[in-house]
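Computed from the coordinates by the stated procedures, all read-outs in this text should not be read as laboratory data. Here the structure is a predicted model, which means the values were calculated and not measured. Cβ sites come from the backbone with ideal geometry, for glycine too, and all protein chains shown count toward neighbours.
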Amino acid sequence: MSIKDSAKGESTSGGKKIVVIGGGTGSFMVLSALKDYPVQLASIVSMADDGGSTGRLRDQYGVLPPGDIRRALVALSETSKTLRDLFNYRFSGGDFREHNFGNIFLSALEKITGNFEDAIGVASKMLNIKGEVIPVTLDNVSLRAQLADGNVVTGETNIDIPKHDPTIPIKKVWLTPEAKINKSARRAILQADMIVIGPGDLFTSVIPNLLVAGVTPALKKSKAKKVYVCNLMTKYGETHGFKAQDFVNALEKYLGEGVLDYVIFNNKKPSAGTLRHYSGENSYFVDVSLLKRNSRNPQFILADLLDSGRLVRHNPRNKLARALISLLR
């Protein structure tokens, strides 16, 4: 299937509801790009993060993880650059070293309001966001992974930044304790016209959303077009050695087959010099040459989604956003 360019403001997509499921920088990129189009946006965010500033706040104050929520809020914000920069500001020294202002702010709001959703609501108004930011669950959870050698790794950050042999594949992941879907997340999924899953770290940002009880049934029930945006590069410790088909297979292990309508892949290879640089970090281009096409869903869409520059990134506004908006026709 080919991509048809869709101009901003085109009436065919006006007012339609797009839900973005994920976490981290992948969701930030998609939300930032789609914000320029006349659509209603909602970001459903993983609650498994336990690293860095977020992890310290969770451990010390018993709050829900603010980091990925903050990123989504800033992505959708239509306020001044100064206020957006403030929410992203990271302290470089002292007792607040490596803490992020926005994380502290959201955690303080949670303590004041007594409710994480109320805290997000206050921050949403302050940042004048276009859309809605929704935690996938309001339960306090931890991510666990069983490796192919049988060992179990506890905590999102220990999976994301492995202390074990990063070449050992992840066999399965789960949440402890079991978590139930946030009612607001379920509502957004059922009311959506399109649901975008990814891109992002597969086992630590994307799949944790699907581990929450009620998410997969809601996705299956929803009449929305469901689109998975595949990563451009593999990640050492999570998707080492993965080809494009492996990403789809891993996602469908938790989502089920036939739920996705489309998978969008990049087929533009970065320069040899860029690939050499990434290989030094054991990160490799996701090969799309061995994709197994079939008559059932999902349909595979291959397109040049690569941004210019030395970093391997999706081009969010001119390429990826247009590809997604074209599917709303």
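Sequence-distant or interchain residues sharing an amide H contact under 5 Å with Ser77, placed H: which?
Residues meeting the amide H criterion: Lys130.
Within the chain, what percent of beta bridges assigned by DSSP are antiparallel, to the nearest 5?
If I count the DSSP bridges inside the chain, around 30 percent turn out antiparallel.
With a point put 7 Å past each Cα toward its Cβ, work out how far Ala272 is from Ala148 in nm, to one decimal.
That separation, rounded to one decimal, is 3.0 nm.
Averaging the inverse of every distinct alpha carbon separation and then flipping it gives the Kirkwood radius. What is it for the stretch 48-135, in angstrom units?
Computed over Cα pairs of the stretch 48-135, the Kirkwood hydrodynamic radius comes out at 12.9 Å.
Calculate for the chain the 222 nm mean residue ellipticity that helices alone would give, adding -39,500 (n - 2.57) per DSSP H run of length 4 or more and normalising by residue count, nearest 500 deg cm²/dmol.
Computed ellipticity for the chain at 222 nm equals -10000 deg cm²/dmol.
Report, in listed order, any pair from Lys163/Lys243; Lys35/Lys225; Lys17/Lys183; Lys180/Lys319; Lys81/Lys243 with a Cα-Cα distance greater than 27 Å. Write down the numbers at each step before the final one.
Values: Lys163/Lys243 24 Å; Lys35/Lys225 19 Å; Lys17/Lys183 17 Å; Lys180/Lys319 35 Å; Lys81/Lys243 39 Å.
Flagged as over cut-off: Lys180/Lys319; Lys81/Lys243.
Could you give the length gained on full extension between Glu257 and Glu98, defined as 0.36 nm per residue of separation minus the Cα-Cα distance, in nm?
The span from Glu257 to Glu98 would gain 53.1 nm if fully extended.
Among Leu306, Leu290, Leu57, whose mean-square fluctuation peaks in a Gaussian network model of the chain (Cα, cutoff 10 Å)?
Comparing Leu306, Leu290, Leu57 in a Gaussian network model of the chain, the most mobile one is Leu290.
Please work out how much length the chain gains when fully extended from Phe91 to Arg296, using 0.36 nm per residue of separation minus the C-alpha to C-alpha distance, in nm with one decimal.
Here the answer is 68.8 nm.
For Arg56 and Ile161 in the same chain, what is the full-extension length gain: residue separation times 0.36 nm, less their Cα-Cα distance, in nm?
This chain segment gains 36.2 nm when fully extended.
Which of Ile168, Ile129, Ile189 comes first, and how do the rest follow, when ranked by fewest Cβ neighbours within 10 Å?
Arranged by neighbour count, lowest to highest, Ile168, Ile129, Ile189 become Ile168, Ile129, Ile189.
Taking amide H positions as placed 1.01 Å from N in the peptide plane, with prolines and chain starts having none, which residues 5 or more places from Val133, or on another chain, fall under 5 Å of its amide H?
Distant-sequence amide H within range of Val133: Ser43.
So I have (i) 32, 62, 6; (ii) 30, 51, 15, 3, 0; (iii) 30, 59, 11, 0, and one of them is P(r) over Cα pairs in 20 Å bins from 0, in percent calculated from this model. Which one is it?
(i)
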